[in-house]
Structure formats: C-alpha cells, structure tokens
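Structure, as structure tokens:
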Amino acid sequence: MALKLISFFLCALIAPNLTGEDTSLPAPQNISILSTNMKHFLTWSPVIVQGETVRYSVEFQGEYERDYANESWIPICECSLITATVCNITEDISATVAYNLRVRADVGARRSEWGTLKGFFNRITTSLTPPVMKVIAAGYHLLVELEDMGPAFQFCVLYWKKGQESRMQQKMMKEISSVVHLDTMEAGPDYCVKAQTYVEAINRSSSFSQIQCVRAQGSRSMWLVTALISSAGFAVAALILPFLTWKKSKVFQYSCCPDAVLPDTLTVSEPPTQLILCGSEEAEQCDLMVCVTPSEEVLRLVMPSEEVLRLWIQETL
C-alpha cells in the first residue's frame, strides 16, 4: 500500500514535466481590448514569476476560422514570445466581424494555459474622437489644418459666418494636406469652423470638435486702404476723363475732317488784290512806254503816271 502511494506521488510530479506544462504557471488575467480611432490593442495583467522573464504569445480567431477552418487559431507574429503586456492587433483585425483572442505565458520550457478574451471584439465598437483642428486666417483666406489620422479616415468640416448658422456650408475631405482652403472671408464678421471624423469601413462618425472662430486679419486697415485707393481712383478719373474726352474729340475731328495744307509752290505772299492792281498798272505802263516819245519817257520817269497821261492827252488834242 505504501509503495502504491509513493508511485502515485512520483507520477504526479513527473507528469507536468512530460507534457511541457506547469500548472503552477498561471494564465494571463484581465484580458481586454483598447480600441480608439480604428487602432486596436490587446492588454492583460502580467504573470509574476520570481527571478524569471515571462514571455507572452497572442492568437486570434475570426469568423472564417470559427465557421470554415475547424475553429483554428492564428498566431500574431508581432506578438510571439514578447515581454510586453500589450499587443497591437490592428493589422490582424481587418474585417468588421466578431473576433476572439487569447494570450499564453511562457517561462523557459513551461507554458501556462490560454487566457481568453471574454466575449468577442468587433472593430465597429471602436471609439472615434474628433480631429485635432487648427483654424487659420491668412488675410482674407479661411484655412483649416487637420491631423492625419490614417487612410481609413475622412473629415466632415462645417464652416459659417457667425450669426448666420442657417447658411452653414459643408466640405468633405478624403486626403489631408498640410493646410486646406475653405473660403474667402469678408471684412468684419467672424467665421467659425468645426469638424468630425468619419470612417466609411464601419459607417460611423465621431462627435464634432470644439468650434473655433477667426476674423480676417487687418480688416479695418485693409478696409481703410481700400477706401483711400477707391477715393484716389475716383479723383484721378474725374481729372483725366474730361481731358481724354477732349483729346478723343480732336482725334475724331482731324481723322474725319483734316485741314488741307497747300504746297509751298502755291503759297501766295501778297494779297490777290495787290497782284491784280500791280498787273493792271504794269500793263498800262507797258502801253505808255510803246506810245510815248523820248521826252515823254523822261517826264514819265520823273512824274507820276497820272500827270504823264494828262500831258499826253493834251498834246494829242
């Protein structure tokens, strides 16, 4: 009887070493998932073994593995024999279906039982937060800067003129650059902006961010400069317009009815009446020169033409 008892205790001590498992190594506890903005992390409480480094391995089981692959489990390579108590499972949770996950502890050749997540995890339950947003007024340009949250995210941005919420405008953004232009602002009123995230894969949106309002930079000075420039423009126009009108009328007159300019060869230096008189006197003098005697010629040269004519008439008679 004593030999049987001794054999029983020996088998109880040897059996765990033969199977490679030690029931004294507890399975990980408090397994849970932290999921925010489509990033999923499996966490658990550490297994404490004095003087030993405990390593952990994680496996998952999706809908396909449960229903069509004989309830198999798939190891997550990035979380195999790790010392951390957290595993990033984002890349492995690639479908909007129910997943199961489990964790095991390893110390040397000893392994614990699997600690399994209570219930299933579906990424549709991820917590979505509003985007980090910065509204900028660059002169009269309304700009917004949003954080890049990854390719799965879109952003719904609402903006409006303060006091005119009924005329709110919406803009959907699929790809985020450094800064996005929303609108051109008017001088004076504030413009307000708020945004929310949207994930098409799960058809869910976050709440809206805090409203941020800005005003066009230098609105008063710019308005004053614009007014001064406008006034100066009107003054210059008032001065130049009459001159341009007069100049245009002159151009029109000379182009339609130009002044005729005679050539130099046809220009008369003396009035026509003088030419006619001179011509008639020269003709009379020519006639007298033909008919008068030499003595008369002398008289003609020293007397006026009327006197010569009178003497000539007396002699003839």
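Of LYS134/LYS161; LYS39/LYS161; LYS134/LYS162; LYS39/LYS134, which ones are farther than 28 Å apart at the Cα?
With Cα atoms farther than 28 Å apart: LYS39/LYS161.
In segment 102-140, which residues have a backbone nitrogen under 16 Å from the label point lying 7 Å from VAL179's Cα in the Cα-to-Cβ direction?
133-140
Over 10 Å intervals from 0, what percent of Cα-Cα pairs in segment 124-181 sits in each interval?
Computed distribution, short to long bins: 18, 49, 26, 6, 0.
Can you compute the radius of gyration and Dmax for segment 133-217, using only the Cα atoms, both in Å?
My reading of the Cα-based Rg and Dmax gives 13.0, 42 Å.
When the Cα centres of segment 152-208 and segment 36-58 are compared, how far apart do they sit, in Å?
Taking the Cα centre of segment 36-58 as reference, the centre of segment 152-208 is 40 Å away.
Just in segment 78-174: which GluC sites (Glu not before Pro) are loop by DSSP and have at most 15 other Cβ atoms within 10 Å?
Of the GluC sites (Glu not before Pro), the ones in loops of segment 78-174 whose Cβ has at most 15 other Cβ atoms within 10 Å are GLU91, GLU113, GLU147.
Computed FRET efficiency, Cβ-Cβ of LYS39 and ASP190, R0 25 Å: what is it to the nearest 0.05?
Result of the calculation: an efficiency of 0.10.
Read the figures in this text as sums done on the coordinates, not as results from a lab. Small disclaimer: the values here were computed from a predicted structure and weren't measured. No Cβ is skipped: glycine too gets one built from the backbone with ideal geometry, and neighbour counts run over all protein chains shown.
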